[in-house]
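One structure is given below, encoded as structure tokens.
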Amino acid sequence: MNIAIGLARLGHRTAFFGRVSRDPLGTVLYRHLEWSGVETDYVIRGPEPSTIALVELSGGQARYEFSVSGTADFQWSAQEVAVLPAGAPAVHFGSLTSWQPPGDEVVNRRMAELRAAGSVLISYDPNARPTLQGDAASARAKVARSAPLAHVIKASADDIDYLYDGRKLESVVEDWLGEGAALVVITSGADGATAWVPGQVAVKRAAFPTTVVDTVGAGDAFMSGLLGGLGRRGLATPAAVGSLGDPSVLAEILDEAGAGAAITCSRAGANPPTRAEVDAFLAAR
């Protein structure tokens, strides 16, 4: 949902395909989608309660606790997910929906069908949550199921540290590229972000200095900027992203995504920027 909102604010036509409760909290989320310009035709309003996420901030860094048992977000049926992608040229999945039962199996099966068909760009962000997943080994197995389905993968260095304890980041990236990813981007907070494509030297960009208010939504804002940057350049298709190898283009896309993350960190909550805000931010650098 954060990524859909981020893309809409960047000027892209975006729909949210997700389950949202009919309870009062779910209605707040639904109205937030509408206010942000996200199309809601494919939102499924479920009778189950909303998922609750409690966020504790310490020095601007967020720690999460979740209440997910029986909540609306994860009760996917095969019939519900069958309409995906509903004409969209690109589909993003990941985070809790990709590994939280009971709906994760249904979602991953549909993504496998889309990847096999080859007509839709698929992007993925594991967005690990140790307080919810608990067991790194089982979490790693679920990422291993989802990662080969994506053309574009974005993960954080913290995700890699948790999921692949002690393993070199570059080794994980190499595996993902070998399994079918055309672009892998790893974000490292204040150390910036690095992009890899098969057979090319990695492209690294520094993070933009910013006054951190909190980091909630920063990774999602980066993902929105990454997908938006590909889309604005006509690269958001399986064939086009598969031929992406120009380091200058990758650097531009990483800078746009990094600007979105920096702006989001500078204000409270998951509040991604508009296209005009990103342009102004970059012009001032």
Sole exception among (1) part of a helix (DSSP H, G or I); (2) open to solvent by 20 Å² or more (accessible area, probe 1.4 Å); (3) not polar (S, T, N, Q) for Ala257, by number: (2)
Given the conditions (1) in contact with a helix residue (DSSP H, G or I) (Cβ under 9 Å, 6 or more places away or on another chain); (2) part of a helix (DSSP H, G or I), and given that Thr131 satisfies all but one, which numbered condition is not satisfied? (1)
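One residue is enough: does region 2-15 have a residue meeting the conditions touching a strand residue (DSSP E or B) at 6+ places or on another chain (Cβ under 6 Å) and either in a loop (DSSP other than H, G, I, E, B) or under 20 Å from Pro102 (Cα atoms) (or both)?
At the first step, the residues of region 2-15 found to be touching a strand residue (DSSP E or B) at 6+ places or on another chain (Cβ under 6 Å) are 3, 15.
Checking which are either in a loop (DSSP other than H, G, I, E, B) or under 20 Å from Pro102 (Cα atoms) (or both) leaves us with none.
Taking every residue of region 2-15 in turn, none turns out to be touching a strand residue (DSSP E or B) at 6+ places or on another chain (Cβ under 6 Å) and either in a loop (DSSP other than H, G, I, E, B) or under 20 Å from Pro102 (Cα atoms) (or both).
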Residues (buried (at least 17 other Cβ atoms within 10 Å of the Cβ) and either of a type in the set (S, T, N, Q) or touching an Asp or Glu at 6+ places or on another chain (Cβ under 8 Å) (or both)) located in region 149-166: Ile153, Lys154, Ala155, Ser156
Can you confirm whether region 197-206 contains a residue that is under 17 Å from the mean Cα position of the chain (by Cα) and crowded, with 21+ Cβ neighbours inside 10 Å? no
Which of the residues belonging to region 260-285 are small (Gly, Ala, Ser), part of a loop (DSSP other than H, G, I, E, B) and surrounded by fewer than 15 Cβ atoms within 10 Å (Cβ to Cβ)? Ala268, Gly269, Ala284
Residue that is of a type in the set (S, T, N, Q) and modelled with pLDDT under 95, where the choices are Thr194, Thr237, Thr187, Thr215: Thr215
Residues to consider are Val83, Val106, Val28; find the one that is more than 25 Å from Phe222 (Cβ to Cβ) and part of a helix (DSSP H, G or I). Val106
Test result for Asp158, part of a helix (DSSP H, G or I) and either among the basic types (Lys, Arg) or under 18 Å from the mean Cα position of the chain (by Cα) (or both): yes
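Among the candidates Ser224, Ser188, Ser243, which residue alone is over 19 Å from the mean Cα position of the chain (by Cα) and of a type in the set (Ser, Thr, Tyr)?
On the way: Ser224 fails: over 19 Å from the mean Cα position of the chain (by Cα); Ser188 fails: over 19 Å from the mean Cα position of the chain (by Cα).
Result: Ser243 is the single residue among Ser224, Ser188, Ser243 that is over 19 Å from the mean Cα position of the chain (by Cα) and of a type in the set (Ser, Thr, Tyr).
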Only one of (1) out of contact with any Pro (no Cβ under 9 Å at 6 or more places or on another chain); (2) part of a loop (DSSP other than H, G, I, E, B); (3) not acidic (Asp, Glu) does not apply to Leu226, and that is (2)
Within region 87-121, which residues are among the basic types (Lys, Arg) and in contact (Cβ under 8 Å) with a residue 40 or more places away in the chain? Arg115
Here are Val185, Val213, Val241: which of them is assigned to a loop (DSSP other than H, G, I, E, B) and touching a residue at least 60 places away in the same chain (Cβ under 8 Å)? Val213
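The values are calculated or read from the model by the stated rules, or taken from the named source; none is laboratory data. Note that the coordinates shown come from a computational prediction; the quantities given were computed from them, not determined experimentally. Counting neighbours? That spans all protein chains shown, and the Cβs are built from the backbone with ideal geometry, glycine included. Each accessible area value is taken on the protein alone, full model and side chains, heavy atoms only, with ligands, DNA and RNA left out. Shrake-Rupley method; radii C 1.70, N 1.55, O 1.52, S 1.80 Å.
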